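> Sharing a structure, written as structure tokens. Questions coming.
The values are calculated or read from the model by the stated rules, or taken from the named source; none is laboratory data. Note that the structure is predicted; figures quoted are calculated from it, not measured. Every residue, glycine as well, gets a Cβ built from its backbone with ideal geometry; the counts of neighbours run over all protein chains shown. Heads up: the accessible areas ignore ligands, DNA and RNA and are worked out on the full protein's heavy atoms, side chains in. Shrake-Rupley method; radii C 1.70, N 1.55, O 1.52, S 1.80 Å.
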2 protein chains.
Amino acid sequence: MANIFIKGVTLDGSVTNIKIAGNRFTEIGRDITASSEDVVIDGADKAIVPPFYNAHTHAAMTLLRGYADDMPLFPWLNDYIWPFEAKMTEEDIYIGSRLALLEMIKSGTLFFNDMYWDTHETWRATEEIGLRGCMGMTFTDNLGEKQIEKNFELLKEYKDKSSRIQMAIAPHAVYTVSEKLWIRCAEVAKSEGVLLHFHLSETEKEVNDCIEQYGMTPVRWLDKLGILGDNCIAAHVVHVDQEEMQILKDRGVAIAHNPVSNMKLSSGYFKSKQMDMNGNKVLIGTDGCSSNNNLDMLEETKFAAMIAKCNYGPEVLPVQTLLQWSQTNGPKIFGIDAGEIKVGKLADALLVDLNNERMVPCYNFTSNWIYATGTEAIDTVICDGRILMQNRKVESEEEIISRAKSCCRKWM
Amino acid sequence: MANIFIKGVTLDGSVTNIKIAGNRFTEIGRDITASSEDVVIDGADKAIVPPFYNAHTHAAMTLLRGYADDMPLFPWLNDYIWPFEAKMTEEDIYIGSRLALLEMIKSGTLFFNDMYWDTHETWRATEEIGLRGCMGMTFTDNLGEKQIEKNFELLKEYKDKSSRIQMAIAPHAVYTVSEKLWIRCAEVAKSEGVLLHFHLSETEKEVNDCIEQYGMTPVRWLDKLGILGDNCIAAHVVHVDQEEMQILKDRGVAIAHNPVSNMKLSSGYFKSKQMDMNGNKVLIGTDGCSSNNNLDMLEETKFAAMIAKCNYGPEVLPVQTLLQWSQTNGPKIFGIDAGEIKVGKLADALLVDLNNERMVPCYNFTSNWIYATGTEAIDTVICDGRILMQNRKVESEEEIISRAKSCCRKWM
């Protein structure tokens, strides 16, 4: 693979040159020059920034985009989403994942923390297209003991198969996973050294049902079972009190905040201000396309900001905090040596067009980036030292779109 | 001007051809054909839809994008926004308006209801670029009697000068405009047949101060003065009770809802559900770029939906209602014979790329349009029978950007 030389790009406000050799940034400086065999990218009027980390999604559900909207959670799930999913084949999951991956590249997300069935199909699509991800294999008691053990075997088979893709165990939620299965999932996660990814305290109903069944809230129940630790990523975490936030902090649990999904499904208000003040590790995720209905982390980060400011005041979640939640906390939590444009780091980056109309004027790049611009300002995407998008063109784009369209005709 | 022939475009789910002659749609049908001198647009894999109407903005404030964020309303206004505005020249307003107009075209907004100083500069930019708008001249007592009368003269001079641009009188708000000036503004609006555009009940402080000063809320005070009528567009209208909503409905006042601005400045929650149930005439606006920080009506409409669903339930504001608020109520309220793709109507339209990754799959176009896609899916923009954007290129784009960048250097 040829080295990449990014010429005259803006990094933290100054113009410089950047060299990528293999999958890492190897040189940064005004005085470095390109070799004749380097692939040269013109960085004029472009800023280089780290990519987004989507902390909770269901990539293959992109096939359900717009299939059912504007209805309460349970009829939505029971009458539309679950019956649709029951009909999805492994091939559908592959095709849906590719559509999701295309959308991620075009919106600057280079890592996604997924949770779904038939994870190996999403793994395959991710490996092929060149992104990073963590494939959470969903576990519920409904799978049955045989499938559960088969999935654990699959996990072992895939977990070290790619340098860019991790596997995770994803016990779905407290209302779909028994005490026994939670403990088994946590044990295997520990012995295999993989993350545990689950939904937690998303709705009031979930919390009330848990109290009724187990005599305590989901956070307290999982803590009592010994599940919670710094290998856990809990999605949503809307209905928690101060003591539960402290438990999550003490155990080192990372929290994936999904503002659009929580708003669209009317799940409740994430306690952004308290989480931030309390020092919880927070990330941002889009959730799946059936409750969002896209994977746009720029939009999602703006939503996280706006709902927080609306509820808690305009000074809550300033842009620097938002960048941590959506761009720089991810690499630390998922153990990826990236998240900074710095010599020695993995070469994951976005080039942002400073001549895009929404980047002008540019008193404050970060403010424009989070509050003003759209994904169209992302001109170039580099992941693991490979150019995945340039001038907003992704190589396999037309084929991915056309295959997704054909695939979905059967549901129209 | 050559006629336009749009070939094989999707209109309400069916493929058809559309002819535009002069500034109107003249023929629609599968069997119509292009003349040799027609400008032909290929509509394959594109849907044609009416444009957005931005019901409340301050276009020239695009020059203040990202100048100050993440702070409470009063220090933000006193220490940043007002001192900046005091330094703006007429030329700056022209340049800022052009930047705003470019952003509007690229995001599918063809009409904007503006409120600002030196309106003739925004008028000039709008006339040149080819959009529609309503230029609200801001009035406050601070202007002084002489300037106020001069502005009324300017209003008369400009009000019939363009077929695409209306003038309006914009008494700023109850806290900046005296009883005498409100009455004078309403009289001139009536005698000149123009709209009245003002901020109303945006913050709790505004309401409390009004009660203290006049013994009643802003809505009741303006109603007592006889200001409220069907020539009024009231922006924000956050802090109102049921009786006030009824007053506004009975008087025929149109309401411009600005969800992002209300959220970012922590102004409060718009009563979307009650407004909809009560039958109030609601429109959506972006407010200015200093409190948003863009003019993207697609994003704004999604915010309107999400904050409503979050507060009132997932079934509130289904996509059809959202389309009315952001696309089809506008033409009726501003008296423009547009808002539908129909023979005889003014030829204002957007062509949306159905192969954009966020438009796939397309079970429900409107759901994708409002909840999933971004402005990049808008391929072509036609206003008043003129192509203003094609393949996402606007003719004067580079010059507008470069001039805005130069202009803002003095504030960096």
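> Please give me the summed charge of the neighbours of B:P361: other residues whose Cβ is under 9 Å from its Cβ, Lys and Arg +1, Asp and Glu -1.
Net charge in that neighbourhood comes out at +3.
> So what's the Cα pair-distance distribution over chain B, bin width 20 Å, in %?
Taking every Cα pair in chain B, the percentages come to 27, 59, 14, 0.
> Counting alpha carbon pairs within less than 8 Å and at least 6 residues apart, what relative contact order, in whole percent, applies to chain A?
Normalised by residue count, the contact order of chain A is 20 percent.
> Here is a follow-up. Using the Karplus equation 6.51 cos²θ - 1.76 cosθ + 1.60 (θ = phi - 60°), what ³J(HN,Hα) coupling, rounded to whole Hz, does each residue of the range A:371-383 give in order, writing x for Gly and Pro?
Values per residue, Gly and Pro as x: 9, 10, 8, x, 5, 4, 6, 7, 8, 9, 10, 10, 10 Hz.
> Quick check: pseudo-label points 7 Å beyond the Cα along Cα→Cβ at B:K342 and A:Q242, how many nm apart are they?
5.8 nm
> Between the alpha-carbon centers of the range B:318-370 and the range A:335-412, tell me the distance in whole angstrom.
Cα centroid to Cα centroid, the span is 27 Å.
> What do you reckon, how do B:Y116, A:Y80 stack up by accessible area (1.4 Å probe), largest on top?
A:Y80, B:Y116
> Which value in nm describes the separation of the simple spin-label points at A:K205 and B:W82, placed 7 Å from the Cα toward the beta carbon?
Each label point is offset 7 Å from its Cα along the Cβ direction, giving 5.0 nm.
> List the lysines whose Cα lies under 20 Å from the Cα of B:K249, skipping any in the same chain that are fewer than 8 positions away.
Filter leaves B:K190, B:K224, B:K271, B:K273, B:K281, B:K332.
> Please report how many Lys pairs in the range B:1-150 have alpha carbons closer than 26 angstrom, counting only residues at least 8 apart along the chain or sitting on separate chains.
8
> Something else about it: Pick out, in residue order, every one of the trypsin sites (Lys or Arg not before Pro) in the range A:308-412 that is DSSP loop and has at most 16 other C-beta atoms within 10 Å; say none if there are none. Could you put the intermediate results ahead of the total?
Numbers: sites: A:K309, A:K332, A:K342, A:K345, A:R358, A:R386, A:R392, A:K393, A:R403, A:K405, A:R409, A:K410; in loops: A:K342, A:K345, A:R392.
When the trypsin sites (Lys or Arg not before Pro) of the range A:308-412 are filtered for loop state and at most 16 Cβ neighbours within 10 Å, A:K342 remain.
> Now a separate question. In nm, what does the list of distances from B:Y363 to its counterparts in the other copies look like, shortest first, when each label sits 7 Å along Cα to Cβ?
For B:Y363, the inter-copy label distances come out at 4.4 nm.
> Based on alpha-carbon centroids, what's the gap between the range A:44-88 and the range B:221-249 in Å, whole number please?
Centre-to-centre (Cα) distance: 40 Å.
> Work out, step by step, the length gained on full extension between B:E192 and B:M412: first 0.36 nm times the residue separation, then minus their alpha carbon distance; give nm to one decimal. Walk me through the intermediate numbers first.
Working: separation 220, 0.36 × 220 = 79.20 nm, distance 4.17 nm.
Here the answer is 75.0 nm.
> Stretch A:S14-A:E179 to full length: gain in nm at 0.36 nm per residue minus the Cα-Cα span?
54.0 nm
> Taking amide hydrogens as modeled 1.01 Å from N in the peptide plane, which residues meet the under 5 Å criterion relative to A:K281, leaving out close sequence neighbours?
A:I255
> At a 1.4 Å probe, what is the % contribution of carbon and sulfur to the accessible area of the range B:174-282?
In the range B:174-282, the share of accessible area belonging to carbon and sulfur is 47 percent.
> Then there is this: Shortest first and in nm to one decimal, what separations exist between A:Q320 and its copies in the other chains, measuring from label points 7 Å along the Cα-to-beta-carbon line?
5.0
> If you find the alpha carbon centre of the range A:112-150 and of the range A:261-312, how far apart are they in angstrom?
Rounded to whole Å, the Cα centres lie 24 Å apart.
> Sum up the charges of everything whose Cβ sits under 13 Å from the Cβ of A:F334, counting Lys and Arg as +1 and Asp and Glu as -1, but leave A:F334 out. Working shown, then result.
Details: positive: A:R132, A:R164, A:K281, A:K332; negative: A:D114, A:D230, A:D337, A:D348.
Result for the neighbourhood of A:F334: 0.
> Convert each backbone phi in the range B:120-132 into a coupling constant with the Karplus relation 6.51 cos²θ - 1.76 cosθ + 1.60 (shift: θ = phi - 60°), then list the ³J(HN,Hα) values in order as whole Hz, x for Gly and Pro.
5, 6, 5, 4, 4, 4, 5, 4, 5, 7, x, 8, 9
> Suppose R0 equals 56 Å. What FRET efficiency, 1/(1 + (r/R0)^6) with r the Cβ-Cβ distance, do B:K150 and A:M71 give to the nearest 0.05?
Calculated transfer efficiency: 0.50.
> Could I ask something else about it? Taking only C-alpha pairs under 8 Å that are 6+ residues apart, what is the relative contact order of the range A:1-138 in percent?
21 percent.
> Averaged over A:99-106, how many beta carbons belonging to a partner chain fall within 10 Å of each residue's beta carbon?
Average per residue, whole number: 3.
> Using DSSP to call loops (not H, G, I, E or B), can you name the trypsin sites (Lys or Arg not before Pro) in the range A:13-46 whose Cβ has at most 10 other Cβ atoms within 10 angstrom?
Here the trypsin sites (Lys or Arg not before Pro) that fit, given the DSSP loop and packing criteria, are A:R30.
> Still on this structure, please answer the following. Once both axes come from the Cα atoms, what is the angle between helix A:204-214 and the longest principal axis of chain A, in degrees from 0 to 90, rounded to 10?
50 degrees
> Can you work out the accessible area per residue across the range A:278-382, with the rest of the protein chains kept in place, probe 1.4 Å, in square angstrom?
On a per-residue basis, 21 Å².
> Quote the total accessible area buried by chains A and B together, excluding ligands, DNA and RNA, probe 1.4 Å, nearest 100 Å².
5300 Å²
> Rounded to the nearest 500, what is the 222 nm mean residue ellipticity of the protein assembly as shown from helices alone, with -39500 (n - 2.57) per DSSP H run of 4+ residues and division by all residues?
Numbers: 28 runs with 280 residues, N = 824.
Roughly -10000 deg cm²/dmol at 222 nm, from the helical runs in the protein assembly as shown.
> Here's a follow-up. Once amide H atoms are built 1.01 Å from N in the peptide plane, which residues 5 or more positions from A:V15, or in another chain, come under 5 Å H to H?
none
> Roll a 1.4 Å probe over the protein chains and send me the accessible area per residue for the range B:89-204 in Å².
Heavy-atom accessible area per residue stands at 34 Å².
> Do you know the relative contact order of the range B:255-412, to the nearest whole percent, from alpha carbon pairs under 8 angstrom that are 6+ apart?
16 percent.
> Put the label 7 Å from Cα along Cα→Cβ for A:R30; what are its distances to the other copies, in nanometres, shortest first?
6.7
> Output ³J(HN,Hα) for the range A:385-400: one whole-Hz value per residue in order, computed from phi by the Karplus curve 6.51 cos²θ - 1.76 cosθ + 1.60 with θ = phi - 60°, and x for Gly and Pro.
Result, ordered by residue: x, 10, 7, 9, 9, 9, 6, 6, 10, 10, 3, 8, 3, 5, 5, 4 Hz.
> Could you tell me how many degrees, from 0 to 90 and to the nearest 10, lie between the Cα long axis of helix B:90-106 and the main elongation axis, the longest principal axis, of the Cα atoms of chain B?
40 degrees
> Here's a follow-up. Would you please give the residues with an amide H less than 5 Å from that of B:F139, counting only those at least 5 places away or on a separate chain, with H modeled from the backbone geometry?
B:A170, B:H172
> Using a basic spin-label model with each label point 7 Å from the Cα along Cα→Cβ, how many nm lie between A:E398 and B:K332?
4.3 nm
> Just to confirm a number: summing +1 for Lys and Arg and -1 for Asp and Glu over residues other than B:F52 whose beta-carbon lies under 13 angstrom from that of B:F52, what do you get?
Charge balance in the 13 Å sphere: -2.
> What do you get for trypsin sites (Lys or Arg not before Pro) in the range B:106-182 restricted to DSSP loop and a cutoff of at most 13 other Cβ within 10 Å of the site's Cβ?
Counting only loop positions with at most 13 other Cβ atoms within 10 Å, the trypsin sites (Lys or Arg not before Pro) in the range B:106-182 are B:K161.
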